[in-house]
Every structure is written in structure tokens, then in C-alpha cells.
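The values are calculated or read from the model by the stated rules, or taken from the named source; none is laboratory data. These numbers were taken from a predicted model, which means no experiment stands behind them. A quick note on method: Cβ atoms are made from the backbone with ideal geometry, for glycine too, and the neighbour counts reach across all protein chains shown.
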Amino acid sequence: MTAIDYYFICSSPFAYLGHKAFHELAARHGAEIRYKPINIGGVWEKSGSVPLGQRTPLRQRYRRIELQRIADMRGLPLELEPKFFPVDPGLADRCVIALVRQGADPAGFIWRVHQGVWAKGENIADPEQLAAYLMAEGHDADAVLKAAGEPEAAETLARNTSEASDAGAVGAPVYVLNGEPFWGQDRLDHLAHALETGRAPFRA
């Protein structure tokens, strides 16, 4: 089965906007999604990117236009200035890791977290809020949150971050197919073309 390594953070607006389209694309091609949450700061250190607050006013203004444009195109609600943002996605990301380690599908939980930030004004750094998402998806919230706090989850997050940089990730989300990185939900068409044609991966 074709596999796509999915490097992301739960607080990314672009991961939110691309979530459904990406999952539909993977399902259409029978591709397995390997969920790999990362520490975005660790990726930025290698790629030269900087946190939102350190970007120039011009870059920040363009980002706001881009978010509105994509949300309109995807038909998704979007709060440009969420009640809880910036927010630490670390616990949510480690919950995803815990779900994967348990053999559970984390897609529904991830979607609820994305919506929480960008459409519902919820605090995804709050363990009680995450527990509510987990229970709504039929998961054992106590067990997942406990596993998310274990050293193994943090170690996996660090390993994913290193793997993302090695794979050529510049930011998040990044989809890696056969070693070729596709950065951003606006590259899903490029990913679709690679899946449809079965072409060999491009290398730098």
C-alpha cells in the first residue's frame, strides 16, 4: 500500500484548511496516512522560518489574505483572530502520537482540535477540552492523556521533528510521498498528480 508521511501540528491553520481535502485524496488513492506530529520550532530552526510574531507586517498581512482565500475556497469557517491563539499544541500533538501507538485512527480527534482553534474559539491546550474531543471520538480519554504524558510520546515527537527536517520539511503541514516533500495544503494538487501518475519522486 502507498504510504504518505504526514508532518503537522494541531494548531496550524493550514493543516486545518487542508485536513478534509488531504484525507479525501488519500482515501481516493487507497493511500495510508502515517501521522507524525512535530515540534514546529525544531523544523523552523533548520529551515530558517520564524514564528508568526517575528514575521514582517507585510508577510503577516498576506497570511491573513491567504487564510481567508483558502477558507472560502474550501467552504470552511475561519476565525482570523482565534480566542486562544497563539496556543501550545504540544499536548494535543502527543495525544495523536498516543492514539497512533494504540492502533487507533486519530483523524477525527485531529479534526476536532483543528476546529476548536480555528472555528470554535476553544482552548486546545486545556486537557479537559482535549478529553472532551477524545470522548466524542470514542477514545478512552484518561488512557490517551496519560500516554501523552509519558516520555515515549515526547521522544516520538522529537524523532518525528528530526525526520521531517531530514525529509525536507520547511514548515507544516508537509506530506511526504516516496521521500518527496509537498509543503502546504496548497500543494495537494501536486501530491494528487504524483499519486495519479505514479511518477518517480523528484530529488534535489
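Taking segment 49-73 as the range and being over 19 Å from the mean Cα position of the chain (by Cα), farther than 23 Å from ASP88 by Cα and among the β-branched types (Val, Ile, Thr) as the test, only ILE65 passes. Looking at segment 27-123, what helices (runs of 4 or more DSSP H) fall wholly within it and have at least 3 residues that are surrounded by fewer than 17 Cβ atoms within 10 Å (Cβ to Cβ)? Filter on segment 27-123 gives 40-47, 57-74. For segment 46-95, filtering for residues that are at pLDDT 95 or above and polar (S, T, N, Q) leaves 1.
The sole residue among GLY75, GLY138 that is small (Gly, Ala, Ser), under 21 Å from PHE22 (Cα atoms) and free of Cβ contacts under 8 Å to residues at least 12 places away in the same chain is GLY75.
Identify all residues within segment 166-180 that are surrounded by 22 or more Cβ atoms within 10 Å (Cβ to Cβ) and more than 21 Å from PRO51 (Cβ to Cβ); write none if there are none. Across segment 166-180, the qualifying residues are TYR175, VAL176. Restricting the search to segment 124-149, which residues are among the hydrophobic types (A, V, I, L, M, F, W, C), surrounded by fewer than 19 Cβ atoms within 10 Å (Cβ to Cβ) and in a loop (DSSP other than H, G, I, E, B)? Residue satisfying the conditions is ALA125 alone.
For GLU163, the conditions (1) assigned to a helix (DSSP H, G or I); (2) surrounded by 14 or more Cβ atoms within 10 Å (Cβ to Cβ); (3) in contact with a helix residue (DSSP H, G or I) (Cβ under 8 Å, 6 or more places away or on another chain) all hold with the exception of (3).
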